[in-house]
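Visitor: Here's a structure for you.
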Amino acid sequence: MSNYILPLMVLIIVVYGIIKKVDLYDVFLDGSKESFKMAYTIFPNLLAMIVSVNILVDSGILEFIINLLISSLKVPIEIISLAVMRPISGNATLALLNTIYTKYGVDNFYSLLGSTIQGCTDTTLYVIALYYGSIGIKNTRYALKVSLLADVVGITASILVCYFLFS
């Protein structure tokens, strides 16, 4: 069924365009031109965010924070890494979650905790850098503080709920 959804959607759009007597080719070209403008607007913000994340990781600050948390909490490094990286990068945390699944199995407490953290938090820095930057918002006011606080609350709630339900 999934192999037919995309072609079916395209067919529906084409039929709808024909019924409404829309020049589909010109509309498609206009949309393509607009996408290049959007990519041009977003690219500098995306590049700045990627460079910032690489500096954070390569400087050792992230490793220092993770080691500090490991010494105070009794959870594996993968869980702490996932919790620390989640506000920064969604793809990195998916890779970490996959590592947790591979190492502990999908039904293990740590896998359930990692999945819950993944679902209860967001890529805050990515969202603010990319979306705010792409529309030109320079002053984020309370958005960054509140979003990071929401991530901390999501991580804390994930830990409490998982310990309550699964241990």
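Visitor: Could you list all residues from segment 13-36 that are assigned to a helix (DSSP H, G or I) and open to solvent by 100 Å² or more (accessible area, probe 1.4 Å)?
Guide: Passing the criteria: ILE13, TYR16, ILE18, ILE19, TYR25, PHE28, LYS33, GLU34, PHE36.
Visitor: Let me ask another. Do we have LEU69 as at pLDDT 90 or above, under 30 Å from ASN45 (Cβ atoms), of a type in the set (A, V, I, L, M) and open to solvent by 40 Å² or more (accessible area, probe 1.4 Å) here?
Guide: No; evaluated as a whole, the condition is false for this residue.
Visitor: In addition: Just a yes or no: is a residue in segment 40-58 open to solvent by less than 80 Å² (accessible area, probe 1.4 Å), more than 25 Å from LEU165 (Cα to Cα), within 15 Å of the chain's Cα centre (by Cα) and modelled with pLDDT of 85 or more?
Guide: Within segment 40-58 (the criterion being open to solvent by less than 80 Å² (accessible area, probe 1.4 Å), more than 25 Å from LEU165 (Cα to Cα), within 15 Å of the chain's Cα centre (by Cα) and modelled with pLDDT of 85 or more), the answer is no, since none of the residues qualifies.
Visitor: With respect to ASP107, is the statement that it is open to solvent by 30 Å² or more (accessible area, probe 1.4 Å), at pLDDT 90 or above and either in contact with a Lys or Arg (Cβ under 6 Å, 6 or more places away or on another chain) or acidic (Asp, Glu) (or both) true?
Guide: The answer is yes for ASP107.
The values are calculated or read from the model by the stated rules, or taken from the named source; none is laboratory data. Model, not experiment: these values are computed from the prediction. Virtual Cβ from ideal backbone geometry, glycine too; neighbours counted across all protein chains shown. Just the protein is used for accessible areas: all its heavy atoms, side chains included, with ligands, DNA and RNA removed. Shrake-Rupley method; radii C 1.70, N 1.55, O 1.52, S 1.80 Å.
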